[in-house]
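Provided herewith is a single structure, encoded as structure tokens, for subsequent inquiry.
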Amino acid sequence: MYIIVVGGGKVGYTLAQSLAIENNDVVIVDSDDSTIRRTSESLDVMTIRGNGLSAAVLRQAGVTDADLVIAVMDSDETNIVCCLTAKKLGAKHTIARIRDPEYALELGDLKDDFGIDMVINPELQAAVKISHVLRFASAVDVETFAGGRVEMVAFKVLPTDGLAGRAIADITPALPEPVLICAVERGDEVFIPGGSFVLEEKDKIHIIGKPTNTTAFSRFLKRPDKRLRNVMIVGGSRIAVYLIKHMTGTGMHFKLIEQSENRCTHLCELIPDATIILGDGTDEAVLESEGIRGMDAFVALTDRDEENLIAGLYATHLGLPKVVAKINRIGSMKVVDRLGIDSVLSPRMLTTDEIIRYVRALGSSQDSGFESLYRIVDDKVEALEFIAGESTRYLGVPLRALTDRIMPGTLIATIVRGDKTIIPLGGDAIEQGDRVIVITGTGSLSDLNDIFRRDVFRSEV
Amino acid sequence: MNYGIIARTLGYVMMVEGSFLSLSAVASLLTGASDVGSFYPPILLCVLGGYPLTRIKSKSDRFFVKEGLMIAGLSWLVMVVIGALPFYIGGHIPSFVDCLFESASGFSTTGASILTDVEALPRGLLFWRSLTHWLGGMGVLVLMMALVPLSGGSSLLLMRAESTGLDPGKVVPRMRETARRLYTVYIALSAIVLVALLLCGMTFYDAALTMFGTVGTGGFAHTNTGIGGFNNLPAEIVVGVFMFVCSVNFGIYYQMFTGQRLAFFKNTEAVVYTAMVGAVVLLISFNILPIYGSLSAALHQAAFQASSLVSTTGYATANFDLWPDLSRALLMVLMFMGGCAGSTAGGFKAIRVVVIYKAIRREINHILHPRRVQGVTVDDRMLSEEMVRGVLLFFALYVALLVGSFLLVLMIDGLDLLTSFSSALTCISNVGPAFGLAGPMGNFSMFSGYSKLVLTFTMMAGRLELYPFLLLFSPAMYKKG
């Protein structure tokens, strides 16, 4: 696909990188010389220096034939105007990043008039993601599929679990409800484990199954799944506002520490339910006096990555049940994961994932529709959701018979058929209309048929 | 330093060279020449040495500026050394230094020769000698990028190290696709020239070899009498026109082909370049009018010689060394400037002349109005100060290398001033013929081995636009970190 990314900032760069790796023709437009230089030297994309709002520049970037224009400049207004211009000049699809909560809400209605096909709000996404993690106290990460009927939950293997040193085949029969251990992160590597795979301490395991079953699994791990009541947030950023608004009515109480007096006043207005504290949230004395030790969860959301990580480490050190830190600039999640903070999330990665998902969906054929995508650790392993359609191969053929035909390193993790959620065994088959969740290490799937080996299929036909 | 990726790229370069050597071996067999044996050892070397290198694994596929320069410099060095082997193995050029000179002259598209009797060389080796022009013209790394999927986004660094001009841009987003399209333009131009020459009545062999020299702007003659010896006026016109055509940015032809018909006229460099060459042709025509009698004959000779020298090809239809001093000086100016960025031509490049002119004009404005703020713009695009400074320093370094090479040659061999200077100039600009003893009717055989090495070095540095080749000899490249 021919994709123009307008704005070469953090998100623009990461996007261009991921899109170029997936074999799209990518053009980056940015007005800053050094950004252009850096991008052209490290990515296989075309770079154009110029104002992304100018029709001439957009034409030069090939907007008339573009399949997609993504506007990720600093200001919301610029992004809106850019999409509007691009659409008028002939771009087929447009995506705009809109961050201002006021716009974000209203744009839902105006999207079509502005020629924007998708509005992306990184802060809102981050807030939703944090809310998932906070709801599930014992997990470090939660992702939902099939409209919430399937959950993928990540746990860290602790010495108290009794999982370390046991093989997967050994654990599975002992589980109270069926779930599938679909991916294991160990150090820099990610494995899609077979039955003989032996777990070790500190592994991060991803399990997939019905929400009730994943909850049962966390009970099986003997981790008290008590509800988190008191949450301390440092940094009164937009994410904090979205998060608190999102969690209103769940019975959670938020204490928000913010440094700027003006911002505090403003926050009081925006989120009257939360306790707003004026102070430096990276100062241990402030944290202690506000009772960090008594908190159930700690979320660091300041604008500075370092402060978030340090505050997060401090909370982890105090033994809080749940610690979440936001990072934005740091590219390598691998390094950050080693620090030991429960959940570290990057709005930039979330935005990129969301857009990649959209791009792949555009590229996939109509009836093997691509539904959602979740990337586990630095893009190595992905969990994808597809809907099986007429053109899906091997419909109704038991999976047992397909072992040789499925790409190596690919796992059919869950099949959702109507109300039923199936963890597929050898005898199960994919039927038309099923939602199929696939875990793969091969990358770049955009169609359910991509999980089958092409050479074998061709030789059969 | 990522040595894995350097080795791998070198391996691919060797494979590419091996296939071109094989093509020459085929040419040797088809023409019934006796020299096919000269090609087997280097082909074996390319395959047996190159293939294992391409299998070397590295921890990461990423590389940076340093590796990019290193790859470009080393690739060309390896290519030239292997390219010299066929001449040496058959014993057709006995001294290895001479072989190196001939090979470097071929790949750098210089076209300067140490052979006194070109026709004594068998036809297979002559084919190889001219083919090196074609490969060297557009660049082996660009060809490799078109053929081999080189992962990683840093491939622009390679293109930048090998291509000529300020800042080679991509014509399409993907590097591999860009390389392919530029090569498509190159191959299309080659095909046009080949067909045109065949229509002019040349044999296929003569037409092919002349085409290699024309499109690659190299200029090796494969007969003792050169291009004038064919006594074929239409062919001379084809060669004359296409030498000029191939000294203009190939990106422009791509744009013209994809719909922007007026791209040529919107490109400052191309327009200024054409105007300058046109003016020089007229001046020379009037200057040499007394020698040739008629204006048409003078114009024909002036245009061919100017086109040949400014495009840094070096074919000659007249002994311009006998022309008046003004004409010779003007030709020397053209030789210094060379063609446009992004073409197969060598030399200082017209775009840099444009930038220096504009920088000087700005400086004058600045002296008169010290508070005036002004940028240097080319094609409505403002160049960064870093780039302007880069061009000025490139000029300084270019002149320094030219002078250094001239003085060394003068010291070693003690030939006359004109011969020594013009030889250094012709080598750094990758033209071919010089003036004096090394003029269009002479050759480089009278230089000693040391001088030939100096000139070989100068040719390579000139082709790679100094830095990639010079840095190969800098200790800073080999320091860790």
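The values are calculated or read from the model by the stated rules, or taken from the named source; none is laboratory data. From a predicted model like this one, the values you see are computed outputs, not experimental measurements. A quick note on method: Cβ atoms are made from the backbone with ideal geometry, for glycine too, and the neighbour counts reach across all protein chains shown.
Might you check whether a residue that is within 21 Å of A:A383 (Cα to Cα), of a type in the set (D, E, K, R), surrounded by fewer than 15 Cβ atoms within 10 Å (Cβ to Cβ) and out of contact with any Asp or Glu (no Cβ under 9 Å at 6 or more places or on another chain) occurs anywhere in region A:165-176?
Applying the first criterion (within 21 Å of A:A383 (Cα to Cα)) to region A:165-176 yields A:168, A:172.
Now restrict to residues that are of a type in the set (D, E, K, R): none.
There is no residue in region A:165-176 that is within 21 Å of A:A383 (Cα to Cα), of a type in the set (D, E, K, R), surrounded by fewer than 15 Cβ atoms within 10 Å (Cβ to Cβ) and out of contact with any Asp or Glu (no Cβ under 9 Å at 6 or more places or on another chain).
Then there's this: Identify the single condition in (1) closer than 25 Å to B:K479 by Cβ; (2) touching a Leu at 6+ places or on another chain (Cβ under 7 Å) that B:K59 does not satisfy, given that it satisfies every other one.
The failed condition is (2).
Tell me whether region B:363-385 contains one or more residues that are in contact with a Gly (Cβ under 9 Å, 6 or more places away or on another chain), surrounded by fewer than 20 Cβ atoms within 10 Å (Cβ to Cβ), within 14 Å of chain A (Cβ to nearest Cβ) and aliphatic (A, V, I, L, M).
yes
Sticking with this one: Considering only region B:141-148, I want to know if a residue exists there that is free of Cβ contacts under 8 Å to residues at least 12 places away in the same chain and either in contact with a helix residue (DSSP H, G or I) (Cβ under 9 Å, 6 or more places away or on another chain) or not in a loop (DSSP other than H, G, I, E, B) (or both).
Looking for residues that are free of Cβ contacts under 8 Å to residues at least 12 places away in the same chain and either in contact with a helix residue (DSSP H, G or I) (Cβ under 9 Å, 6 or more places away or on another chain) or not in a loop (DSSP other than H, G, I, E, B) (or both), one finds none in region B:141-148, hence no.
Checking the structure you have, find out if any residue of region B:333-344 is more than 14 Å from chain A (Cβ to nearest Cβ), surrounded by fewer than 17 Cβ atoms within 10 Å (Cβ to Cβ) and over 22 Å from the mean Cα position of the chain (by Cα).
No, region B:333-344 contains no residue that is more than 14 Å from chain A (Cβ to nearest Cβ), surrounded by fewer than 17 Cβ atoms within 10 Å (Cβ to Cβ) and over 22 Å from the mean Cα position of the chain (by Cα).
Tell me, which strands (runs of 3 or more DSSP E) lie completely within region A:182-287 with 2 or more residues that are within 25 Å of the chain's Cα centre (by Cα) and modelled with pLDDT of 90 or more?
A:230-234, A:253-258
Taking the conditions exactly as written (without any contact (Cβ under 8 Å) to a residue 40 or more places away in the chain and not basic (K, R)), does B:G439 satisfy them or not? I'd like the intermediate steps shown before the answer.
Details: without any contact (Cβ under 8 Å) to a residue 40 or more places away in the chain: no; not basic (K, R): yes.
No, not satisfied.
Show me the strands (runs of 3 or more DSSP E) entirely contained within region A:14-108 in which 2 or more residues are within 27 Å of the chain's Cα centre (by Cα) and either among the aliphatic types (A, V, I, L, M) or within 12 Å of chain B (Cβ to nearest Cβ) (or both). Spell out how you get there, then give the answer.
Details: elements: A:25-30, A:46-49, A:68-71, A:93-97.
So the answer is A:25-30, A:68-71, A:93-97.
So, one more: Within region B:92-110, identify whether any single residue is farther than 19 Å from B:G218 by Cβ, out of contact with any Ser or Thr (no Cβ under 7 Å at 6 or more places or on another chain) and within 14 Å of chain A (Cβ to nearest Cβ), and answer yes or no.
no
So which residues in region A:427-443 are among the hydroxyl-bearing types (S, T, Y) and without any contact (Cβ under 8 Å) to a residue 40 or more places away in the chain, if there are any at all?
A:T442 - this is the single residue of region A:427-443 that is among the hydroxyl-bearing types (S, T, Y) and without any contact (Cβ under 8 Å) to a residue 40 or more places away in the chain.
Scanning for something surrounded by 18 or more Cβ atoms within 10 Å (Cβ to Cβ) and part of a helix (DSSP H, G or I), does region A:136-144 turn up at least one residue?
no
Kindly establish whether B:I43 is under 30 Å from B:F435 (Cα atoms), without any contact (Cβ under 8 Å) to a residue 60 or more places away in the chain and crowded, with 20+ Cβ neighbours inside 10 Å.
Taking the combined requirement at face value, the residue does not satisfy it.
Within region B:154-203, restricting attention to residues that are more than 24 Å from B:I351 (Cα to Cα), part of a helix (DSSP H, G or I) and within 14 Å of chain A (Cβ to nearest Cβ), which residue is nearest to the chain's Cα centre (by Cα)?
My answer is B:R180.
May I pose another question? Can you tell me which of (1) out of contact with any Ser or Thr (no Cβ under 9 Å at 6 or more places or on another chain); (2) of a type outside the set (G, A, S); (3) farther than 22 Å from A:S31 by Cα is the one A:H132 doesn't meet?
(1)
Here's something else I'd like to know. Restricting attention to region A:40-90, report how many residues are of a type in the set (D, E), farther than 15 Å from A:G8 by Cβ and in contact (Cβ under 8 Å) with a residue 40 or more places away in the chain. Lay out the reasoning, then the answer.
Just the residues of region A:40-90 that are of a type in the set (D, E), to begin with: A:41, A:44, A:65, A:67, A:74, A:76-77.
Next cut, farther than 15 Å from A:G8 by Cβ only: A:65, A:67, A:76-77.
Those left that are additionally in contact (Cβ under 8 Å) with a residue 40 or more places away in the chain: A:65, A:67.
Going through region A:40-90 one residue at a time, the tally reaches 2.
Here is a further query. Given the criteria surrounded by 14 or more Cβ atoms within 10 Å (Cβ to Cβ), of a type outside the set (G, A, S) and over 30 Å from A:R357 (Cβ atoms), does A:L180 qualify?
Criteria not met by A:L180.
Based on this model, can you work out whether A:V57 counts as surrounded by 24 or more Cβ atoms within 10 Å (Cβ to Cβ) and assigned by TED's automatic domain parsing to the domain that holds A:F114?
Working: surrounded by 24 or more Cβ atoms within 10 Å (Cβ to Cβ): no; assigned by TED's automatic domain parsing to the domain that holds A:F114: yes.
The answer is no for A:V57.
May I pose another question? Go through (1) in contact (Cβ under 8 Å) with a residue 24 or more places away in the chain; (2) surrounded by fewer than 21 Cβ atoms within 10 Å (Cβ to Cβ); (3) charged (D, E, K, R) for B:K452 and report which single condition fails.
(2)
Give the residue that is farthest from B:L44 (Cα to Cα), with candidates limited to residues of region B:62-120 that are surrounded by fewer than 22 Cβ atoms within 10 Å (Cβ to Cβ) and of a type in the set (F, W, Y).
B:F64
Next question. Exactly one condition in (1) under 23 Å from B:C246 (Cα atoms); (2) in contact with a Gly (Cβ under 9 Å, 6 or more places away or on another chain) is false for B:L282; which is it?
With respect to (1) under 23 Å from B:C246 (Cα atoms); (2) in contact with a Gly (Cβ under 9 Å, 6 or more places away or on another chain), B:L282 is out only on (2).
Against the condition surrounded by fewer than 18 Cβ atoms within 10 Å (Cβ to Cβ), more than 14 Å from every other protein chain (Cβ to nearest Cβ) and touching a residue at least 60 places away in the same chain (Cβ under 8 Å), how does B:Y253 come out, does it pass?
So B:Y253 fails the test.
OK, next. Being at pLDDT below 90, in contact with a Lys or Arg (Cβ under 8 Å, 6 or more places away or on another chain) and outside the structural domain of A:V11 (by TED's automatic domain parsing): is that true of A:V336 here? I'd like the intermediate steps shown before the answer.
On the way: at pLDDT below 90: yes; in contact with a Lys or Arg (Cβ under 8 Å, 6 or more places away or on another chain): no; outside the structural domain of A:V11 (by TED's automatic domain parsing): yes.
Against the criterion (at pLDDT below 90, in contact with a Lys or Arg (Cβ under 8 Å, 6 or more places away or on another chain) and outside the structural domain of A:V11 (by TED's automatic domain parsing)), A:V336 does not qualify.
Can you tell me which residue within region A:1-13, out of those that are under 25 Å from B:S384 (Cα atoms) and in a helix (DSSP H, G or I), is nearest to the other protein chains (Cβ to nearest Cβ)?
If we take residues in region A:1-13 being under 25 Å from B:S384 (Cα atoms) and in a helix (DSSP H, G or I), then A:Y13 is nearest to the other protein chains (Cβ to nearest Cβ).
Under 9 Å by Cβ, and 6 or more places apart or on different chains, what pairs join a residue from region A:166-179 that is assigned by TED's automatic domain parsing to the domain that holds A:G194 with one that is hydroxyl-bearing (S, T, Y) and part of a loop (DSSP other than H, G, I, E, B)?
Listed by first residue and then by second, the contacts come to A:A167/A:S196; A:I168/A:S196; A:A169/A:S196.
Would you mind finding the one in A:G12, A:G8 that is more than 22 Å from B:D167 (Cα to Cα) and crowded, with 19+ Cβ neighbours inside 10 Å? Even if it seems obvious, please write down each step before you answer.
Details: A:G8 fails: more than 22 Å from B:D167 (Cα to Cα).
Result: A:G12 is the single residue among A:G12, A:G8 that is more than 22 Å from B:D167 (Cα to Cα) and crowded, with 19+ Cβ neighbours inside 10 Å.
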